[in-house]
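A.B. asks: Sharing a structure, written as structure tokens. Questions coming.
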């Protein structure tokens, strides 16, 4: 436990000195404030829950995966490239403790960004006397942290597999673009190839195969916005809101965190063995 705490503290301190994190934090906070203010403005044309939360959801799904992947992978790839990580592993420390400490340090950094952004947005809403629902904002906040936890686990794996910072940057951008931008087009194209009776099953499966879609769907459902799916996906919303859907959501979330983390542990142990 002491080893994990030491590595976590060291990682968090190094990240706080990074201009990357400060830049991303300012950008995320500015956009959250912008959405929070104009989303409640009577002149903006936004209509309560649907418009404002949709804007916040899009902000989360675009920026949080990108920030998590870039910050996590570049820091770990940089430590590998500078030989700092391997130097740490020459000391009598457990590889798993180092990995957990690094991950927790990265998560603390992302927690700082997300918390500051949501805090600034809530302050703007309060100053402008906006009618806000604190339970709704809290749900959004927790789901944002969950999204960050998933992509940080992927970022650790990308950073350990990359030989240089440049390779980590390219891989992270590719992963982000595929999961956030291109995956939806693949799913839409798939619906034209699948038989009609299998479309609902295929769409349900596609949700669990992409953490972005997983968080998107459960964000909408947890905030009572199932109507946006329309009548054609009514059966999906009924199933997802039931106990089976909630159990599968929990299992899928754990899989998306634990599988990359387990692969990262395997890669790091193998690298240590080859040094």
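A.B. asks: Label residue 58 and residue 95 with points 7 Å out from Cα along Cα→Cβ: what is the distance between them in nm?
C.D. replies: Between residue 58 and residue 95, the simple spin-label model gives 4.4 nm.
A.B. asks: Under the classification rounded if a/c is under 1.5, otherwise prolate if a/b is larger than b/c and oblate if not, where does segment 48-116 fall, given a ≥ b ≥ c as square roots of the Cα gyration tensor eigenvalues?
C.D. replies: Prolate is the answer for segment 48-116, as a/c is 1.5 or above and a/b outweighs b/c.
A.B. asks: How do 22, 156, 267 rank when sorted from fewest to most other Cβ atoms within 10 Å of their own Cβ?
C.D. replies: 22, 267, 156
A.B. asks: Counting other beta carbons within 10 Å of each Cβ, put 139, 19 in order, fewest first.
C.D. replies: By the 10 Å Cβ count, ascending, the order reads 19, 139.
A.B. asks: I've got another one for you. If every alpha-carbon in segment 109-199 counts as one equal scatterer, what log10 I(q)/I(0) does Debye give at q = 0.11, 0.13, 0.17 1/Å?
C.D. replies: Normalising to I(0) and taking log10 leaves -0.57, -0.72, -0.91.
A.B. asks: By count of other Cβ within 10 Å, fewest leading, how are 180, 127 ordered?
C.D. replies: 127, 180
A.B. asks: Looking at the square roots a ≥ b ≥ c of the eigenvalues of the Cα gyration tensor of segment 164-206, which shape do they give, rounded for a/c under 1.5, prolate if a/b is larger than b/c, or oblate?
C.D. replies: Taking the square roots of the gyration eigenvalues as a ≥ b ≥ c, segment 164-206 is prolate.
A.B. asks: Evaluate E = 1/(1 + (r/R0)^6) for residue 166 and residue 205, where r is the Cβ-Cβ distance and R0 equals 30 Å; express this FRET efficiency to the nearest 0.05.
C.D. replies: The formula returns an efficiency of 0.30 here.
Bear in mind these aren't lab numbers, they're just calculated from the coordinates by the rules spelled out. For clarity, every value in this text was computed on a predicted model and none was experimentally measured. When we count neighbours, we look across all protein chains shown, and the Cβ atoms used for this are built from the backbone with ideal geometry, even at glycine.
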